[in-house]
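Computed from the coordinates by the stated procedures, all read-outs in this text should not be read as laboratory data. Everything numeric here is computed off the predicted structure, so don't read it as measured data. Don't worry about glycine lacking a Cβ; one is built from the backbone with ideal geometry, like all the others, and counts go over all protein chains shown.
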Amino acid sequence: MILSSSEGRGDARERLLARLLDAFGVDLPSPEVSLREIAARAGTSHALLRYHFGSLSGVLAAMLGQQRSRDNARLIEAARHGTFDDLVVAIWRAYLRPEQLSRARAFFHVVGLAAHRPEEFREFIASLDDLTGLLASLAEREGLGAEAALTTATVTIAALRGLLLQEVLTPGAHSDGAADAVALILRMRRS
């Protein structure tokens, strides 16, 4: 099939991305596997993956972005009737689940790549503020001014990502203390 328009290429890319997500479920491929291995598992060719995503890193970033969008949609729904604190706890619980560890590893892998080659990861980088914006809107709804709400949300997300990085680097070593750290983050916000 020949795709002649950019819209057609976009549709093909989305179908291929859906196929990748179906093949891997909630996990992401390890950065150590080859594009050929990923293609074989998804029942496609590595040439198509390279064409639509550029590289293994591009595949990981696209899959991660789509999974994070799905997660965020669930978190947004939970935030509609909850508080800032409720959402922080929901975010932490969502990403601390053991089945999310491979995705958390992939997140930090892609973040590291994006730090070195931001021009290749613009879409991924732009998506990093999704939860910050959601938390900021909740903080505003609870009475903070726009600037204070954004600062509070930014610091909260940074702290959560730092705690998640600790968990990725030393799984289970900080789990008990992490819950206390999340509670401390919430107490500091109220101060």
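Annotations for the structure displayed:
- Our helix-only sum for the chain, with -39,500 (n - 2.57) per DSSP H run of n ≥ 4 divided by its residues, gives a mean residue ellipticity at 222 nm of -25000 deg cm²/dmol.
- The stretch 57-190, relative contact order in percent, only Cα pairs under 8 angstrom and at least six apart counted: 27
- Between the entries (1) 17.5, 56; (2) 15.1, 45; (3) 18.3, 61, the label attached to Rg and Dmax of the Cα atoms in Å calculated for this structure is (3).
- Neighbour-count ranking [beta-carbon atoms within 10 angstrom, fewest first] of Tyr95, Tyr51: Tyr51, Tyr95
- If only the Cβ of Lys and Arg carry +1 and only the Cβ of Asp and Glu carry -1, the dipole of the chain around its Cα centre is close to 280 debye.
- Net lengthening on full extension, Arg74/Arg93 (0.36 nm per residue, minus Cα-Cα): 5.6 nm
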